[in-house]
Structures are given as C-alpha cells and as structure tokens.
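**Q** Take a look at this one; I'll ask things after.
Every number here is computed from the coordinates shown, using simple stated rules; none is lab data. From a predicted model like this one, the values you see are computed outputs, not experimental measurements. All Cβ positions, even for glycine, are placed from backbone atoms using ideal geometry, and neighbour counts span all protein chains on display.
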Amino acid sequence: MRLSEWIVPLLLCFAGLYGACRRVDVYAALTRGAEEGLGVLLRVLPSLVGLLTAVYMFRASGAAEFLGRLLAPLLSAAGIPPECAPLLLVRPVSGSGALAVGSELMERCGVDSPVGRTVAVMLGSSETTFYTVAVYCGAAGITKTRWTIPAALVADGVMFVVSALAVRLVFGG
Amino acid sequence: MAMTWVWTGMVALSLVFGAATGNLAALGAAALEGARGAVELCVSMAGVLCLWTGVMEVLSQSGLTAYLAGAFRPLLRRLLPNACRDPETLSAVSANISANLLGLGNAATPLGIRAARLMSRGGGGAASDELCLFVTLNTASIQLLPTTVAGVRAALGCQDPFDILPAVWLSSAASVTAGLLTARLLMRVWRD
C-alpha cells in the first residue's frame, strides 16, 4: 500500500468533514472554488495561446536549440537544466505566461522527469516579481520603489539555482 | 510591456533562424500547432485544476487561513515592528502572509494591497524600508502548499503531485532568506 494512493481520497474526505464540522456550506464553497479555478484557466488560456505559438515557432526554427547551446554553459554552471531557459525569462514578468511555459515543459519532458520537477519547483517557489511590485506599490500610491526590485531580483536568482539544486538533492541524479 | 518584447523577439528570431536554416515551411505549421496545443493543454487540465481550487476554498472557508494568521503574528512583529504597531495593519499583513503560505494567490493580493496602503500612509509616494521589505517578501513567495502547480501536475498525470514539497520549501526558504539579507544590506547602503 502506497501513501500516494491515499492522498486524494483522504484530502477530499478531510476537507468535507473539517468544513462540515465548522458549519461551512462545503458544497457551495467547493463549487465557488471550482469557479475560481475556471477563472485561473480563463486567464491563462490567452497567454497560453500567445506564448505557445511563439514557443513552437521558436523551437521549429532551430532558434531554441541555438539559444540553448548559447546559454547551456552558464546554466549548467549554475546546475539548471538548459530546457528551463524560457521559464527563467518569463517568470519574473508574467504569471500566466510562466504557468503556460511551465505546463508545456512539464508535459513535453514529463511531469516526473528532472526537468519537469525543476520547473514545478521553480513555479511553486516564486512569484511574478514585476507584477507584484507594480500591483502593491501602484495600489499604495508609491512612485519610488527604492530598493524593492533589486532585492526581489536577487531573491529570484537564488530561487532558480536552489530549485534545481533541491530537485537533485531530494530526487537524486 | 516586457512581455511585448519577449513575444515579439521570439517570433522575429524564429523568422530569422527559420529563413537561415531553411526551416521556413515548418514555421507556419508550428505556429498553428502551438495555438491548438494551448487549448488542448488548457482543456486537459481544467477538471482537476477546478476540483483542486474547490477543495482549497473549502479549507480556507473552514478557517485554516485565520488559524495560520494567528501563528505568524509574533514573527511579523519582529520583521516589521513599525507597521505592526497598528493592529489593522498587523491583521492585514498576517492575513496576507497566511494566504500566501496556503498558495491562495487570489486571496493574498487584495490583503497585501490593503497592508501596503496602510503602510504607505505619510510616506509621500516613497516606499518606507518596511514597505520595501514587505513587497520583497511577497515577490519571493512563501508557499507551504503550491496548490496551482500541484493542480497542474495532477492534471498532467502525476501520481503524487506533492512529492515536490520538500524541494519547494527548500527553494522558498532560500529565496526568502536571500531577499531578507539583500534587504538588510540595501537598507543601509541605499541612497535615494
């Protein structure tokens, strides 16, 4: 018996019971949340169409291979699989774009491949830096963000390197 | 605007490379294939992703977020001492952090905006050190449960979508630490 067989049924059961015990209208919350998921998909789909068109063209033209070969020494020095290069470019500027590029990489290289896992960890441990800064500072009426962006980009750089390292540590290889 | 340059750059480079390597015929087909692939990928993920966000909504309505918010107050008081003197700001900041921890990005953003607005009072358009730190922490992402990514992995056929958790925690901790250390350094040396 494997633990992973239990996760999904147990999680569903736990969420239902826990919510019901707390007098939450579980079913209404579930459908409302599902609607939110649909919202995520609707927001991702336009970027997915735009970016995958560009990514497929980029690959078919041989440019991806060239860029990969160009960046490979730099990325492999940092321990990052060269396939992740497009994700590094898109991650800080577009959340839906990063999810689009990441999903496609996971599908193509395999969700449980080292590349697929590295991509998932990178997506899971980062935010859309420029969007976050723009939204928070914009809403607060801040025009001088001072040292926010340099500090955030250092954190992003460390995150990319450590994501690849952590996947190697946890899953071996 | 940044994405405009990324996208246009990719398409333009593709054209140049396609022409140079004689792959031009494949290029148009690849563009259409990409657009179709995008919709297929989206549809194949839809069901599982929606189930997932549904379960997370049940958990957050059951009070898991509020519970976490309470646990994080002492830590936040040390990180952002000025902002946390005001109880309203403290509650917005801790709610933002706990929504982030659970991977509820949609809930975290409005809370974070409220916290940022409260923290920017009297700053005259320039961010205070604490506000810079707060935004940096938000950009570094502090997720215990990266639910969207796990949903995508599950939707793509992964048996155990949460097996990446230890790696995500390690990477998140490293990036938050790097953000904090850089913040500490820049706070001292920054000249406006």
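**Q** With more than 21 Å from A:Thr145 (Cβ to Cβ) and more than 8 Å from chain A (Cβ to nearest Cβ) as the only criterion, which of B:Leu145, B:Leu170, B:Leu181 stands out? Before the answer, list the steps.
**A** Values: B:Leu170 fails: more than 8 Å from chain A (Cβ to nearest Cβ); B:Leu181 fails: more than 21 Å from A:Thr145 (Cβ to Cβ).
After ruling out the rest, the residue left standing is B:Leu145.
**Q** Return the residue satisfying two criteria in turn: it lies in the range A:78-137 and is touching a residue at least 60 places away in the same chain (Cβ under 8 Å) and over 21 Å from B:Met10 (Cα atoms), and of such residues it is surrounded by the most Cβ atoms within 10 Å (Cβ to Cβ).
**A** Within the range A:78-137, the subset touching a residue at least 60 places away in the same chain (Cβ under 8 Å) is A:78-81, A:84, A:88, A:91-92.
Next, from what is left, pick out any that are over 21 Å from B:Met10 (Cα atoms): A:78-80.
Numbers: A:Ala78: 13, A:Gly79: 15, A:Ile80: 23.
Of everything passing the filter in the range A:78-137, A:Ile80 is surrounded by the most Cβ atoms within 10 Å (Cβ to Cβ).
**Q** Quickly run through the range B:85-102 and pick out the residues that are in a helix (DSSP H, G or I) and in contact (Cβ under 8 Å) with a residue 40 or more places away in the chain. Step through it out loud before you land on a result.
**A** Here is the first cut: in the range B:85-102, the residues in a helix (DSSP H, G or I) are B:85, B:87-101.
Result: B:Val93, B:Asn96, B:Ile97, B:Asn100, B:Leu101.
**Q** Same structure again: Any residue at all in the range A:70-84 that is in a helix (DSSP H, G or I) and at the interface with chain B (Cβ under 7 Å from one of its Cβ atoms)? Before you say what the answer is, go through the steps one by one.
**A** In the first step, residues of the range A:70-84 are kept if they are in a helix (DSSP H, G or I); the result is A:70-77, A:82-84.
Those left that are additionally at the interface with chain B (Cβ under 7 Å from one of its Cβ atoms): none.
No, the range A:70-84 contains no residue that is in a helix (DSSP H, G or I) and at the interface with chain B (Cβ under 7 Å from one of its Cβ atoms).
**Q** Additional query: Against the condition buried (at least 18 other Cβ atoms within 10 Å of the Cβ), closer than 24 Å to B:Trp190 by Cβ, more than 7 Å from every other protein chain (Cβ to nearest Cβ) and aliphatic (A, V, I, L, M), how does A:Ile142 come out, does it pass? It would help to see each step written out before you state the result.
**A** On the way: buried (at least 18 other Cβ atoms within 10 Å of the Cβ): yes; closer than 24 Å to B:Trp190 by Cβ: yes; more than 7 Å from every other protein chain (Cβ to nearest Cβ): no; aliphatic (A, V, I, L, M): yes.
The answer is no for A:Ile142.
**Q** Additional query: Do you know which of the residues in the range A:27-51 that are over 21 Å from B:Ala35 (Cα atoms) and of a type in the set (Gly, Ala, Ser) is farthest from the other protein chains (Cβ to nearest Cβ)? Don't jump to the end; show me each part of the working.
**A** Applying the first criterion (over 21 Å from B:Ala35 (Cα atoms)) to the range A:27-51 yields A:27-37.
In the following step, the residues that additionally are of a type in the set (Gly, Ala, Ser) were identified as A:28-29, A:33-34, A:37.
Values: A:Ala28: 9, A:Ala29: 5, A:Gly33: 3, A:Ala34: 4, A:Gly37: 3 Å.
Restricting to residues being over 21 Å from B:Ala35 (Cα atoms) and of a type in the set (Gly, Ala, Ser), the top hit is A:Ala28.
**Q** Scanning for something within 7 Å of chain A (Cβ to nearest Cβ), within 17 Å of A:Ser96 (Cβ to Cβ) and buried (at least 20 other Cβ atoms within 10 Å of the Cβ), does the range B:103-114 turn up at least one residue?
**A** Of the residues in the range B:103-114, the ones within 7 Å of chain A (Cβ to nearest Cβ) are B:106, B:109, B:112-113.
Keeping just the survivors that are within 17 Å of A:Ser96 (Cβ to Cβ) gives B:106, B:109.
Subsequent filtering for residues that are buried (at least 20 other Cβ atoms within 10 Å of the Cβ) retains none.
No, the range B:103-114 has no match at all.
**Q** Does the range B:141-192 hold any residues that are of a type in the set (Val, Ile, Thr) and in a helix (DSSP H, G or I), and which are they? Don't jump to the end; show me each part of the working.
**A** First pass over the range B:141-192, keeping only residues of a type in the set (Val, Ile, Thr): B:142, B:147-149, B:152, B:164, B:168, B:176-177, B:182, B:189.
B:Thr147, B:Thr148, B:Val149, B:Val152, B:Val168, B:Val176, B:Thr177, B:Thr182, B:Val189, listed by residue number.
**Q** Another question about this same structure. For the range B:57-79, what are the residues that are surrounded by 20 or more Cβ atoms within 10 Å (Cβ to Cβ) and away from chain A (no Cβ under 14 Å)?
**A** Listed by number, the residues that qualify are B:Ala69, B:Leu76.
**Q** Follow-up question, since we're still on this one. Being free of Cβ contacts under 8 Å to residues at least 24 places away in the same chain and more than 30 Å from A:Glu104 (Cα to Cα) is the filter here, so list the residues in the range B:36-66 that pass it.
**A** Residues satisfying the conditions are B:Gln61, B:Ser62, B:Gly63.
**Q** Can you tell me which residue among A:Thr129, A:Thr118 is more than 8 Å from chain B (Cβ to nearest Cβ), within 15 Å of the chain's Cα centre (by Cα) and not charged (D, E, K, R)? Give the derivation first.
**A** Numbers: A:Thr129 fails: more than 8 Å from chain B (Cβ to nearest Cβ).
Answer to the check: A:Thr118.
One line per residue, one yes/no per condition, for (1) outside any loop (DSSP other than H, G, I, E, B); (2) more than 18 Å from B:Thr139 (Cβ to Cβ):
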| residue | (1), (2) |
| --- | --- |
| A:Gly102 | yes, no |
| A:Leu105 | yes, yes |
| A:Arg108 | yes, yes |
| A:Asp112 | no, yes |
| A:Gly116 | yes, yes |
| A:Ser126 | no, no |
| A:Val135 | yes, no |
| A:Gly138 | yes, no |
| A:Ala151 | yes, no |
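**Q** Please determine, by comparing only the residues of the range B:149-161 that are more than 7 Å from chain A (Cβ to nearest Cβ) and out of contact with any Cys (no Cβ under 9 Å at 6 or more places or on another chain), which one is farthest from A:Glu35 (Cα to Cα).
**A** B:Pro161
**Q** Name the single residue that is farthest from A:Val121 (Cα to Cα) among those in the range B:119-140 being in contact (Cβ under 8 Å) with a residue 24 or more places away in the chain and outside any helix (DSSP H, G or I).
**A** B:Ala126
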